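Participant: First, the structure itself, so that you have it in front of you.
The values are calculated or read from the model by the stated rules, or taken from the named source; none is laboratory data. Everything numeric here is computed off the predicted structure, so don't read it as measured data. No Cβ is skipped: glycine too gets one built from the backbone with ideal geometry, and neighbour counts run over all protein chains shown.
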Amino acid sequence: MSEYFLLTGVDRWLFSVLFVDLFIAVFLITALRFFYGLVANVHATSELAERDNLAFGLSFSGGVLALAFMLTGVLSGEAADDLLTESTMVLAYGVLGVVLIKAGRIIQDKLVLTGIPLQDEIKKGNLAAAFVDVANTLATGLVLRAVMLWVESASIMGFIVVLIAFVLVQILLAGVTRFRLFVYEKRHPDGCLQEAFRSGNIAIALRYLGHLIGVALVMSAASGLIIYNEEQLVAAVAGWLILTIIFSILLSFLSFMARKVILAGVDVIEEVDHQKNIAVGTIEGSIYVAIALVMLSLFN
């Protein structure tokens, strides 16, 4: 059996890199609890153990998963030439990811989905607000993962590309949110989507979550068709953005058609918007994610 466990110098080096990367990843995920409580201006232990705040737990879980998604992009690819460089770059990208995930949450809350203080609603235990927060956080984490896999370069230029892509992602997610606001106001001239979230309509929040996750996945799919090239960076990023917009429109169309068949005979607007039917809202959201996953497997 010894021949199966005989490690060469290269093997020992790779195991050392893997151990260092794993340690940094677990450290960042663990530290997220303290960072999250700080930026959310809440005490995590109090919310979880004393108040049993499910909404806070969902929001926090979304942050953990988003960070994990992003870290898989950081840890993929070739290792650096030495452990110090490897650990420095992984830690730097990890911290950058944490900061960008938080920045994405602030942008969506303060600049895009205005009119409802999501963090205040989460403190009150509003599950609909928590799902909206999870949607924004997971979508940002998924796209950051796609960007870091696309760049394949642990360098200053890689950092710049990640930052540029982050800005474009927020613009795209803002577009999706504005689309959902428009659709809701079209259906309900006397109401608004923010008020539906504030009233605790989990069904609408789950549909929103599915749509945003779907767009994040098709953006990942688009990255598989665009080659990263630092010499033609502007063209590459522009091509990715244009293809993502096309894929997002295709996702909405295919999801609409699938919903007509899957939920045939169901008055979706009545069930989700008025009766707050979580079952129907969940199916609507899952349709977006399912079709996006198919597109991801086909094009990435």
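Participant: Out of Glu78, Glu152, I need the residue that is modelled with pLDDT under 85, closer than 15 Å to Ser223 by Cβ and among the charged types (D, E, K, R). Which one?
Facilitator: On the way: Glu78 fails: closer than 15 Å to Ser223 by Cβ.
It is Glu152.
Participant: Condition first: at pLDDT below 95 and surrounded by 19 or more Cβ atoms within 10 Å (Cβ to Cβ). Now tell me which residues in region 286-297 satisfy that.
Facilitator: Met295, Leu296
Participant: Determine whether region 40-63 contains at least one residue that is assigned to a helix (DSSP H, G or I), at pLDDT below 60 and crowded, with 18+ Cβ neighbours inside 10 Å.
Facilitator: Yes, region 40-63 has at least one match.
Participant: Of all residues in region 128-161, how many are surrounded by fewer than 22 Cβ atoms within 10 Å (Cβ to Cβ), aliphatic (A, V, I, L, M) and not in a loop (DSSP other than H, G, I, E, B)?
Facilitator: The number of residues fulfilling the criteria is 6.
Participant: Note down all Cβ pairs under 7 Å where the first residue falls in region 85-100 and is surrounded by fewer than 17 Cβ atoms within 10 Å (Cβ to Cβ), the second is assigned to a helix (DSSP H, G or I), and they're at least six residues apart or on different chains.
Facilitator: Pairs that qualify, where the first residue is surrounded by fewer than 17 Cβ atoms within 10 Å (Cβ to Cβ) and the partner is assigned to a helix (DSSP H, G or I), are Ser87/Val20; Ser87/Ile24.
Participant: On to the next question. The conditions are (1) closer than 22 Å to Ala236 by Cα; (2) of a type in the set (S, T, N, Q); (3) surrounded by 23 or more Cβ atoms within 10 Å (Cβ to Cβ), and Gln170 fails exactly one of them. Which is it?
Facilitator: (3)
Participant: Considering only region 253-283, state which residues are in contact with an Asp or Glu (Cβ under 8 Å, 6 or more places away or on another chain) and part of a loop (DSSP other than H, G, I, E, B).
Facilitator: Across region 253-283, the qualifying residues are Leu263, Asn277.
Participant: Count, please, the residues in region 253-276 that happen to be surrounded by 18 or more Cβ atoms within 10 Å (Cβ to Cβ) and polar (S, T, N, Q).
Facilitator: 1
Participant: Mind telling me which of the residues Leu149, Leu144, Leu113 ends up being farther than 30 Å from Leu83 by Cα, of a type outside the set (Lys, Arg) and in contact (Cβ under 8 Å) with a residue 60 or more places away in the chain?
Facilitator: Checking each option against the conditions leaves just Leu113.
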